[in-house]
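Okay, structure first, notes after.
The values are calculated or read from the model by the stated rules, or taken from the named source; none is laboratory data. Only a predicted model underlies this, so the values are computations on that prediction, with no experimental measurement involved. Cβ coordinates were reconstructed from backbone atoms using ideal geometry, including for glycine residues, and neighbour counts include every protein chain displayed.
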Amino acid sequence: MKKESPSYLSKHDLYRKGNPARMMRVIAKGIDVMIAFLIAFVLYPWGILLGVLFLSIIDAANYGESIGKRIMGFRVVSLKDGSPCQIKASFIRNLPLTVPFFCLIVPGLGWVLFIFLIIPLVAMEIYLIFKLDSFHRLGDVLADTTVVANDPHREDLQKKQKDWAQPSDAFTRTHHGQ
């Protein structure tokens with residue numbers, strides 16, 4: 001009987017050159033940005049602040065799965081210890097998108113600033129995703145995070161909720177000589 005492969009990408013598939021996973025990652029971020037724009041315009045003027053807040057913390061939601069990443073089968077993890085993305089890292093990794101988005105608060109000139117900033121930043125983000133062997137975008141480099149396939153069949157990628165006061169496995173190994 002032929003074993004059916006899971007619908008998720010393995011970590012090896014995520015890093016293989018020419019794989020559509022790079023484009024899937026761009027689409028995942030695009031979904032999140034479109035949701036932020038929807039929030040901003042439906043709830044204008046406070047919606048802009050809510051949209052910025054949404055983009056700032058969304059990668060920390062649901063163990064590193066934003067809405068777009070969940071749809072596309074990815075999640076964000078820390079490069080330091082492999083734990084799901086935290087709010088601080090989510091805020092930092094999304095700065096290349098939230099800073100231009102925040103400019104929309106200024107009537108009239110805000111749109112000019114937004115376009116002036118967003119075009120080169122998004123172009124750089126997409127360029128890095130497709131050109132770097134590490135698959136990282138500018139936000140990943142800033143926050144020391146990476147995006148991995150959310151494969152429920154692989155034990156090393158399983159989501160584990162840890163108590164915020166519990167030290168990470170990396171800390172335990174380093175400080176207890178294991």
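Worth pointing out:
- Entry remark, region 5-47: residues being among the aliphatic types (A, V, I, L, M), more than 23 Å from Met124 (Cβ to Cβ) and at pLDDT 90 or above number 4 in total.
- Filtering Ile118, Ile126 for residues that are at pLDDT below 95, touching a Pro at 6+ places or on another chain (Cβ under 8 Å) and either of a type in the set (Gly, Ala, Ser) or surrounded by fewer than 21 Cβ atoms within 10 Å (Cβ to Cβ) (or both) leaves a single hit, Ile118.
- Checking region 52-65 against the condition returns a match, with at least one residue being touching a strand residue (DSSP E or B) at 6+ places or on another chain (Cβ under 8 Å), of a type in the set (Ser, Thr, Tyr) and outside any helix (DSSP H, G or I).
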